[in-house]
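Comments concern the structure below.
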Amino acid sequence: MKILTIVGARPQFIKAAVVSRLLRNKCQEILVHTGQHYDYNMSDVFFEELDIQKPDYNLGISGGSHGVMTGKMLSSIEEVLLKEKPEKLLVYGDTNSTLAAALAAVKLHIPVYHVEAGNRLGTLENPEEVNRICTDHISTCLISCTESAIHFLEREGLSDRTYFVGDPMYDAFLYYGEQIEEKDRRVLITFDGNAIKSPDEFYYLTCHRQENTDIDEKLIEILKAMNELDAPTVYPVHPRNHNRVLRICNKYTFNNILMCKPTGYLTSISLVKNAKKIVTDSGGLQREAFFAEKKCVTVFDYIVWPETMIDERNNLAKPQCKDILEKLNVEQTINPVYKPFGDGHASEKIVELLMK
Ligand code: UD1
């Protein structure tokens, strides 16, 4: 069987790393990188560290408006599909790369397998929500990470093609988490390109959502909160935010925040495991905080991963200094038998579904 996999953004590289490793033993996989993430530390470092095969195609499409990016991807992916004629298409998550690929394939009658199907926020103002809903409704096989996603798909009348497998991000966390040498991995690269070690005690911040970063005031509030904490904050800055952060730092001083370039996956996992607490707007980091049993505060208006929101393990906060600090002070409790993200073997189940 020939399966074509589409990746484009960081979280997709991580999921593909654990799935493709198994898939390649069973069939011919064509790996296509749309180019959505292209900086060395947003893309190549993941392929190197996670030992992902070199993509068979890199379409080099990035930046621009959502429409321009998605449209360019749609026509380029169609060309590749026409040339390669795969029997199935495998897509992950909710990025513009996911939607473009699913759309190109369904028009060519190629069955789409969507991993991470069924997550819903309940608002079309979130660009990822649009990508999720459209992709789910044109996919042949909906592969979900959580029970709540299964319920959303049921409500939308899609139960007949829905499967629960657990979260491949959990597989990756277990697999790579065991391999990292804690002491060696927490090396950060400053904006000037110098390598520094992260502090022994620190908080970990990531923030890249369009909703939080398109207005200076929101990011300023988030940084003010982190700057007040009892230990420094490590903050790898997504390229989307780089210029905004530099501009803000010309006006305000944040002595308690260590800003650096985006990190690879292994460094990020090491930061998760060693942080005091985590503040983020990333869906991936919320789950990784949960896997590592670290208290998380999610700066966002909507719950993306309801399973993480129990026992104060993950609280939503507004992008306001006071609210973030208050939520960080709410202590979590851990129920060690509560494992909503599967058994760490989601990748095997995904491959089984693809092979059917
Ligand atoms: C995308 C996904 C988001 C996912 C995130 C993971 C969509 C709609 N959003 O958001 O769901 O959580 O990836 O990180 O697909 N840029 C660079 N260098 C890079 C990558 C991006 O400079 O290597 C710039 C782009 O040119 C653009 C901005 O950063 O100006 C945002 O990138 P984009 O890919 O549009 O969305 P993300 O915020 O990364």
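The values are calculated or read from the model by the stated rules, or taken from the named source; none is laboratory data. Keep in mind that what you see is a predicted model, and the values were worked out from it rather than measured. Glycine also receives a Cβ, built like all others from the backbone with ideal geometry; neighbour counts cover every protein chain displayed. Keep in mind that these areas ignore ligands, DNA and RNA; they rest on the heavy atoms of the full protein, side chains included. Shrake-Rupley method; radii C 1.70, N 1.55, O 1.52, S 1.80 Å.
Values computed for the structure shown
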{"read-out": "Cα-based equivalent ellipsoid of segment 198-253: semi-axis lengths in Å, sorted from largest, via gyration tensor", "value": "19, 12, 10"}
{"read-out": "Calculated from backbone phi, Karplus (6.51, -1.76, 1.60) coupling profile of segment 31-39 in Hz, x at Gly/Pro", "value": "9, 10, 9, 6, x, 3, 9, 9, 4"}
{"read-out": "Helix axis angle, 216-227 relative to the chain longest principal axis, alpha carbon, degrees", "value": "60 degrees"}
{"read-out": "With every protein chain in place, segment 266-354: carbon and sulfur % of accessible area (1.4 Å)", "value": "50 percent"}
{"read-out": "Solvent exposure of the chain as accessible area per residue, Å², 1.4 Å probe", "value": "42 Å²"}
{"read-out": "Candidates VAL115, VAL279, VAL106: whichever shows maximal mean-square fluctuation once the chain is modelled as a Gaussian network with Cα springs under 10 Å", "value": "VAL106"}
{"read-out": "Gained length - GLN320 relative to ILE248, 0.36 nm times residue gap less alpha-carbon distance", "value": "24.3 nm"}
{"read-out": "Ellipsoid semi-axes in whole angstrom, largest first, where each is sqrt(5λ) of the Cα gyration tensor of the chain", "value": "32, 22, 20"}
{"read-out": "Cβ-based net charge around THR233, under 12 Å, with every Lys or Arg adding one and every Asp or Glu removing one", "value": "0"}
{"read-out": "Of VAL234, VAL18, VAL130, the one that fluctuates the most in a GNM where the chain has Cα springs shorter than 10 Å", "value": "VAL130"}
{"read-out": "Centre separation in Å (Cα based) which lies between segment 77-141 and segment 262-284", "value": "27 Å"}
{"read-out": "Beta bridges by DSSP in the chain, antiparallel share as percent, to the nearest 5", "value": "10 percent"}
{"read-out": "Accessible-area value, HIS208, 1.4 Å probe, nucleic acids and ligands omitted, Å²", "value": "40 Å²"}
{"read-out": "Amide H partners (placed H, <5 Å) of PHE191, local residues excluded", "value": "LYS261"}
{"read-out": "Residue-averaged 222 nm ellipticity for the chain, from DSSP H runs of 4+ at -39500 (n - 2.57), nearest 500", "value": "-12500 deg cm²/dmol"}
{"read-out": "Top positive-direction residue, dipole computed over the chain with Cβ charges, set CYS321, ILE189, PRO236", "value": "ILE189"}
{"read-out": "Cross-link partners of LYS83 among aspartates and glutamates (Cα-Cα below 15 Å; sequence separation of 8 or more within a chain)", "value": "GLU29, ASP56"}
{"read-out": "Most fluctuating residue given options LEU229, LEU23, LEU153, as computed from a GNM of the chain linking Cα atoms under 10 Å", "value": "LEU229"}
{"read-out": "Whole-Å distance, taken between Cα centres, linking segment 187-240 and segment 306-342", "value": "20 Å"}
